[in-house]
1. I'd like the full set of residues that are among the hydroxyl-bearing types (Ser, Thr, Tyr) and either crowded, with 19+ Cβ neighbours inside 10 Å or in a helix (DSSP H, G or I) (or both), limited to the stretch 78-115.
2. From the set of residues in the stretch 105-148 that are hydroxyl-bearing (Ser, Thr, Tyr) and without any contact (Cβ under 8 Å) to a residue 40 or more places away in the chain, which is farthest from residue 231 (Cα to Cα)?
3. Out of 171, 145, which single residue is in contact with a Ser or Thr (Cβ under 6 Å, 6 or more places away or on another chain) and not hydrophobic (A, V, I, L, M, F, W, C)?
4. What single numbered condition from (1) polar (S, T, N, Q); (2) over 20 Å from the mean Cα position of the chain (by Cα); (3) part of a loop (DSSP other than H, G, I, E, B) fails to hold for residue 119?
5. Between residues in the stretch 321-350 that are of a type in the set (Lys, Arg) and residues that are at pLDDT 95 or above, which pairs lie under 9 Å by C-beta distance while being six or more apart or on different chains?
6. Find the residue count for the stretch 262-303, including only residues that are within 17 Å of the chain's Cα centre (by Cα), touching a residue at least 24 places away in the same chain (Cβ under 8 Å) and surrounded by fewer than 19 Cβ atoms within 10 Å (Cβ to Cβ).
7. Condition first: in a helix (DSSP H, G or I), among the charged types (D, E, K, R), modelled with pLDDT of 95 or more and over 18 Å from residue 148 (Cβ atoms). Can you find one or more residues in the stretch 188-195 that meet it?
8. Against the definition (surrounded by 14 or more Cβ atoms within 10 Å (Cβ to Cβ), assigned by TED's automatic domain parsing to the domain that holds residue 295 and in contact with a helix residue (DSSP H, G or I) (Cβ under 7 Å, 6 or more places away or on another chain)), how does residue 153 come out, yes or no?
Amino acid sequence: MVSPVKWHLLLSSAFVAAFCLVSTARAGEVVFASWGGAYQDAVRDAWIMPFTKKTGISVIEDTGPSLAKIKVMVQTGSVSWDVVGTSGVSFVLGVQQGLFEPVPADLVDQSHIIPGARSPYGVPSEIFGTLIGYSRQAFPTHPPETFADFWDVKRFPGERILPARPVTVLEAALMADGVPAADVYNVLSTPAGLDRALDKVRQIRPSVAVWWNSAAQPVQALASGDAVMALGWNGRFQDGEDAGLPIGVSWAQSILQVGYFLLLKGAPDRREALDFMRYIASAEAQARLSRFISYGPVRTDVFEQISPAIQAHLPSSPEHLRDALFVDNAWWAEHGQDATERYTSVMQGN
């Protein structure tokens, strides 16, 4: 027979073991997929590690969340990711195809999110911009500022670098041609307007040395002297500046995009995933990302926590938002295939 004392100890031990099991189960894990590189390094330092420390929930990282791969996962019921980071057309098309779950408004508060960035299908994570990067060696004084300057090869001679995809380039081309930012998509939505943008790209094509596919290429080209100007992502240019490369940027005009964290339909760790997304949207997290990469917060109430020196490099700072154009993802979802085919033709010299 077990004595009362031993019986009490056995019960206590069983309770402790059960508690530990429940605690471990409650901590759980999240599988998160993004695009790697400096951005994912920043997400790890700014968000993943503090989130795990705060909640005990582990975040397992992966890369390459293409829409095609997500679609196969969801349609076959073999979803191995919980949360993916994406933006642009992939976000819109994924929502249209039913690949992402709505984010419950009572679980993730978006009341302080910049209005244009809010979405019921994703948590806005950061804002990044396409703008002009230039060689300080080529332009030590009076550097290029506007998209019109980028297209002006007489005043600013030298080779250019442009993205191999038309998103942001067609917008910049129209603004270089005198279209106000507020009218860009109205103009692009007409056949004549799309022709006008493509003709503007065709005009500068002889001065384009590289059509980049990797965001590191514009920085490398400017640093090596292979080009004097590039359209690229502000965070990559800033990394180059911080590394001591002779690169400058202009904030006179910028074209902004919003990144989103999205919950896959059928995510195996849905509860933990929502905990992670709620944390990303918090003021605490939003104020921290810009310490690690020059992408801007999506909240309007965190800039007092960010130093003026850092704000000067952020796309969503109040000063830079005044002259910025947000990419219209819905427009690109509807017209992107045709625009891309025609842009590719221009790249090829047609």
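The values are calculated or read from the model by the stated rules, or taken from the named source; none is laboratory data. This structure is a prediction, so every number in the text was calculated from the model and none was measured. Heads up, the Cβs are rebuilt from the backbone with ideal geometry, glycines too, and the neighbour counts pull from every protein chain shown.
1. Within the stretch 78-115, 86, 87, 90 meet the criteria.
2. Only one residue tops the list, namely 111.
3. 145
4. Of everything listed in (1) polar (S, T, N, Q); (2) over 20 Å from the mean Cα position of the chain (by Cα); (3) part of a loop (DSSP other than H, G, I, E, B), residue 119 misses just condition (2).
5. Listed pairs, sorted by first residue: 342/166; 342/194; 342/195; 342/198.
6. 2
7. Yes; the residues of the stretch 188-195 include at least one that is in a helix (DSSP H, G or I), among the charged types (D, E, K, R), modelled with pLDDT of 95 or more and over 18 Å from residue 148 (Cβ atoms).
8. So residue 153 does not fit the description; no.
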